[in-house]
Each structure stands twice: as C-alpha cells, then as structure tokens.
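A.B. asks: Okay, handing you the structure first.
The values are calculated or read from the model by the stated rules, or taken from the named source; none is laboratory data. Keep in mind that what you see is a predicted model, and the values were worked out from it rather than measured. Heads up, the Cβs are rebuilt from the backbone with ideal geometry, glycines too, and the neighbour counts pull from every protein chain shown.
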Amino acid sequence: MVMAKNYFENGEIHRETYEAYGRNLLILNKAIENYQRAIKLDPNNFLYHYQLGYSYHLMRRLMEASSEYEVVLKLDLPLMPSEADVKLVHKFAPRLFANIKEYFKLKDLVAVIHPKRSIIAYNLFWEDDIDYPGDNDPSDHEVVWIEFDKKKEKVTGVYTYFHKAILSTEEAVKDANLHNQRARINVEWGEHGSLPLSWEKLHPEAIFEKIGKRIRIKDMTERYRELNKSIKNPHHPLAQDWPKRFTGSYKDFTNFSKYIELRRLL
C-alpha cells in the first residue's frame with residue numbers, strides 16, 4: 001500500500017499544480033495517471049476514486065467522473081440521517097442573501113454532516129455560472145461550512161467557498177449566535193461566490209498545501225469591474241438570454257437583499 005500512497009501523493013501534487021498555475025491538461029493527465037496507478041494497487045480506497053473523479057470533473061469528462069463518484073458511494077456508503085441529524089441541519093441552515101439582481105435560481109441544496117467533526121457542509125447548486133455557459137456542468141456548485149459546538153448547539157465557525165479561497169470571519173460567528181445560530185451568507189451576482197459577514201476586510205487567497213503555494217484571488221471590487229464591462233462569453237448560444245453584464249454601481253453589486261430560505265430545500 002506504500003506504493004499506492006506514493007502514486008496518490010504524486011497525483012495530488014500534479015492536480016494542485018494544474019489548479020494553481022493554469023489549466024495545463026498535460027499536468028492534469030499526469031495526476032490522472034497517478035491516481036489510476038494508485039487504484040490499481042488499492043482498488044477499495046474511496047479517496048483515490050474520489051480524487052480521480054474530481055480530476056475527470058476538472059476536465060469536464062463528466063461521464064467518467066460520475067462513474068468514479070458512483071464507486072465512491074459504493075465503497076463509502078452514505079449513512080441515513082437520524083432525526084437528530086435532520087434537526088441539526090435545519091437548526092444551523094444559513095440565512096442566504098443573493099444580489100437583488102441575481103439572474104439564476106438556486107436549484108438544490110445538499111447538507112452533508114462530517115462523520116467525525118461537528119461540521120455541516122451546505123452544498124448550494126445554482127442553475128449556472130454567468131461566466132461559464134459552455135463548461136458542460138449541469139449547475140454551479142458552491143459550499144458553505146458551519147462548525148458548531150455539539151453540546152451547546154452554538155455556531156463556532158463559518159466558512160465559505162469563494163473562487164478557490166476559503167473565507168471566514170469572527171463577525172460571521174457572532175452574527176450567527178445573535179440569529180438563532182443561522183449565519184448570514186451573501187452571494188455574489190452571477191458567479192455565486194459565497195461571502196461571510198464582514199467579507200470586505202478579507203484578502204482572498206487560494207491555498208495549495210501539497211505544493212506550498214498561495215494564490216491571490218480577485219476580490220469583489222475587481223470582479224465588479226470585470227462583470228460591469230461584460231461577462232466572459234456573452235455570445236455563447238446558451239447565454240443568449242442571459243444578462244451581458246452587471247448593470248449598476250458597486251453599491252448595487254454588493255446589495256445582498258434577496259433572501260433565499262434554505263430550509264425549504266432540505
């Protein structure tokens with residue numbers, strides 16, 4: 001199994017290099033080759049299958065990705081939630097606020113409770129991403145994580161996914177504690193990056209631990225400037241009826257007043 005682990009680690013390094021330094025398919029193919037070799041030596045390791053599936057997903061080879069995800073679910077069967085689990089998921093469901101001009105609908109929500117730690121991942125599935133009409137993805141997948149004290153049933157951490165960066169603030173935790181343990185999450189127009197309370201003070205970075213690299217991520221001001229000019233693929237056939245740019249000021253861009261009740265989707 002040592003050799004399998006070595007192949008897997010090599011795959012991780014190649015995948016992170018691909019994500020950190022640009023979309024070089026030769027590098028991602030190297031990751032896939034290493035994951036496949038690891039699986040050949042340790043076929044029942046669900047993590048190896050998951051990362052192979054994720055790499056296929058990055059290449060938009062969705063059929064192959066789905067096959068690997070199915071293997072993962074067979075090797076690591078999801079547990080049916082207990083009544084207590086359902087109550088926890090409802091209790092800590094965030095308060096979601098989209099931009100008042102948001103074009104896409106939130107299609108679905110999937111909550112996943114960590115098997116060992118007191119963390120719930122709320123997986124948000126939007127209809128699409130304004131910049132990627134032709135990426136062959138069936139939805140735009142975003143994530144919010146809520147960490148909590150199980151005994152006190154209080155939120156202790158709020159984490160959001162924002163364009164490869166993980167954002168977190170103390171203010172978001174305090175706000176959740178003041179609102180029945182439901183954190184406020186703001187959602188960027190069109191691209192759906194998730195923002196915790198007091199996001200304005202943050203400097204988003206993507207962290208790639210395997211290769212020891214930090215990448216600066218465009219902040220909301222920069223994203224506004226780009227989207228105010230034009231979306232990336234305004235003439236794509238699938239974007240025919242989409243807004244071609246964000247019309248309005250930066251104040252309008254950060255107007256998160258469209259409330260979406262997540263509990264109705266649970």
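A.B. asks: Kindly indicate which of Glu147, Glu142 is in a strand (DSSP E or B), in contact (Cβ under 8 Å) with a residue 24 or more places away in the chain and surrounded by fewer than 20 Cβ atoms within 10 Å (Cβ to Cβ).
C.D. replies: Values: Glu142 fails: surrounded by fewer than 20 Cβ atoms within 10 Å (Cβ to Cβ).
Answer to the check: Glu147.
A.B. asks: Restrict the check to segment 181-200 and report whether at least one residue is among the hydroxyl-bearing types (Ser, Thr, Tyr), at positive phi and touching a helix residue (DSSP H, G or I) at 6+ places or on another chain (Cβ under 8 Å).
C.D. replies: Yes, that holds for at least one residue.
A.B. asks: Which of the residues belonging to segment 160-179 are closer than 30 Å to Asn233 by Cα and assigned to a strand (DSSP E or B)?
C.D. replies: Hits for segment 160-179 are Thr160, Tyr161, Phe162, Ala165, Ile166, Leu167.
A.B. asks: Would you check which residues across segment 207-223 are within 30 Å of Tyr7 (Cβ to Cβ) and surrounded by fewer than 17 Cβ atoms within 10 Å (Cβ to Cβ) and list them?
C.D. replies: Passing the criteria: Ile207, Glu209, Lys210, Ile211, Gly212, Lys213, Arg214, Ile215.
A.B. asks: Still on this structure: What helices (runs of 4 or more DSSP H) lie completely within segment 18-96 and have 2 or more residues being closer than 20 Å to Val110 by Cβ and of a type in the set (Phe, Trp, Tyr)?
C.D. replies: Details: elements: 25-41, 46-58, 62-75, 83-91.
Passing ranges, in order: 46-58.
A.B. asks: Kindly establish whether Tyr259 is at pLDDT 95 or above, within 21 Å of the chain's Cα centre (by Cα), of a type in the set (Ser, Thr, Tyr) and surrounded by 14 or more Cβ atoms within 10 Å (Cβ to Cβ). Spell out the reasoning first.
C.D. replies: Numbers: at pLDDT 95 or above: yes; within 21 Å of the chain's Cα centre (by Cα): yes; of a type in the set (Ser, Thr, Tyr): yes; surrounded by 14 or more Cβ atoms within 10 Å (Cβ to Cβ): no.
So Tyr259 fails the test.
A.B. asks: Also, I was wondering about something else. Kindly list the number of the only condition in (1) under 26 Å from Asp131 (Cβ atoms); (2) touching a residue at least 12 places away in the same chain (Cβ under 8 Å) that fails for His90.
C.D. replies: That leaves (1) as the condition not met.
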